[in-house]
Amino acid sequence: MLPPPAPGVAPLPPAPPASRRPRRAFLFVALVASVAWIAGLTGALLGDQLSNWLDKPPSRASDEPLNIAEPRDIIQTRVNVAEVADYVAPSVVTISADVNGGTSLGTGVIISTDGEILTNAHVVENATEIRVRLAGETEPRRVSLLAADRGNDLALLRMSGDGFEAATFADPGSIRLGDEVVAIGFALGLDGEPSVTLGIVSALNRSIGQSDVFLDGLIQTDAAISSGNSGGPLVNAAGEVVGINTAVARDTSTTSATNVGFAISVTEALPIVEALRAQADGALRREAYFGVGLEDRRDGGQGVIVTGVEADTPAAAAGVVGGDLIVAVDGSTTDGSAGVIAAIRDREAGDTIDITLVRDGESIEVTVELIERPDN
């Protein structure tokens, strides 16, 4: 369950947004289903179906470049849902993952003609076996998990074969508030063709967070999305992927949320895909570490409170002390701990960052070199 987002920041633990208006608590739910996947392995696997199942999926990433739309002067904003569904459906798969004695169901999008699939990390986390089924097929295909980034909630899978229909990603600069979009996925893990729902881009650059997972730069949409849609594409009028559906707000006892869904935007997803490809091919990512405890302010003021500093860390070396306020990272202001954590998460050990602190009313600028995150 995810706590409510503040503008541009997902406060963890809960804290008031940057404005001083009263906070409204929402429940955010990842869109993964857990019903039985009937297609599964019931019945006999014959001919090509048997080959699809027995073929060992590749364990290395594709070397195909991603399909990314070129910027264009005129952007189509009105959607013909039937045409978009026909165009995108061959690139969408349903995912079934065996997890802890149960089955996790989600959706994925094919991103290369030789079988790479992008989905949410939470769909396949801790899976002992993963299967996919393409639109129009009745039997599953085995896939391998190439790499996953839990912090950014994206994972890269691959199935055997070639000649698949790879989706096209939208030009990141083309996404606008109010554009019509279509959410495509296998809601509730139901058999048959993927479901499609129409909505608009309700907001950009939203942030949500839970535990050690902080997602920012999200697209908010009112397109109806349900359990099982996790990892499915949110597409524009041209059938180009603008985001990967990942979470939805649900009602609580004190608040209501109607058609408030979130997708990881292509702006965030594209560099992560390339990083996952590199990781799949053996590149090691050295996760960055700063070495502070953080707490969100509850008085509506700017900055994040440093609650403690670990010895022998970049924070200690830079002279950061408990009680300092972190008000900016690399010149970007922050009003929540999620923003600081996300900024560090997106870097690697050895990178340097500029931190703006406020101590006793005085502004202090420090530059720190991040170290590799300790195993503990």
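If the chain between Ala316 and Ala349 were fully stretched, how many nm would it gain, using 0.36 nm times the residue separation less the Cα-Cα distance?
Here the segment from Ala316 to Ala349 would lengthen by 10.3 nm.
Which order, highest average first, do 136-145, 316-325 follow once you tally other Cβ atoms within 10 Å for each residue and take the mean per peptide?
136-145, 316-325
Taking amide H positions as placed in the peptide plane 1.01 Å from N, state which residues far from Thr197 in sequence (5 or more) or on other chains have amide H under 5 Å from it.
For Thr197, the qualifying residues are Ala183.
With the Cα gyration tensor of segment 288-372 giving a ≥ b ≥ c as the square roots of its eigenvalues, does the rule (a/c under 1.5 for rounded; else a/b larger than b/c for prolate; else oblate) give rounded, prolate or oblate?
Prolate, since a/c reaches 1.5 and a/b exceeds b/c.
Determine, for each peptide in 297-306, 235-244, 193-202, the mean count of other beta carbons within 10 angstrom over its residues, then list the peptides with the highest first.
With the highest mean Cβ count within 10 Å placed first, the list reads 235-244, 193-202, 297-306.
Along segment 76-89, what does the Karplus equation 6.51 cos²θ - 1.76 cosθ + 1.60 (θ = phi - 60°) give for ³J(HN,Hα), rounded to whole Hz, x for Gly and Pro?
Each residue of segment 76-89 in turn: 6, 10, 8, 9, 8, 4, 4, 5, 5, 4, 4, 6, 8, 3 Hz.
Under a Cβ-Cβ cut-off of 14 Å, what is the net charge of the residues other than Thr128 that fall near it, where Lys and Arg count +1 and Asp and Glu count -1?
Neighbour charge sum, excluding Thr128 itself: -1.
Where does the charge balance sit around Ser112 when Lys and Arg score +1, Asp and Glu -1, over other residues with C-beta under 10 Å from its C-beta?
Around Ser112, the surrounding residues sum to -3.
Hey, what do the phi angles of segment 348-355 turn into as Karplus ³J(HN,Hα) couplings, whole Hz, using 6.51/-1.76/1.60 and θ = phi - 60°, x for Gly and Pro?
Computed from phi, the couplings for segment 348-355 are 10, 4, x, 6, 10, 9, 9, 10 Hz.
Between Leu188 and Arg72, how many nm apart are label points set 7 Å from Cα along the C-beta direction?
Taking the two extended label points, one gets 3.6 nm.
Give me the net charge of Leu204's neighbourhood, meaning all other residues with Cβ under 14 Å from the Cβ of Leu204; Lys, Arg count +1, Asp, Glu -1.
Its environment carries a net charge of -2.
We did not get these values from a lab; they are worked out from the coordinates using the rules stated. The shown structure was predicted, so the numbers you read here are calculated from the model rather than taken from an experiment. Note that we place each Cβ from the backbone using ideal geometry, even for glycine, and neighbour counts take in every protein chain shown.
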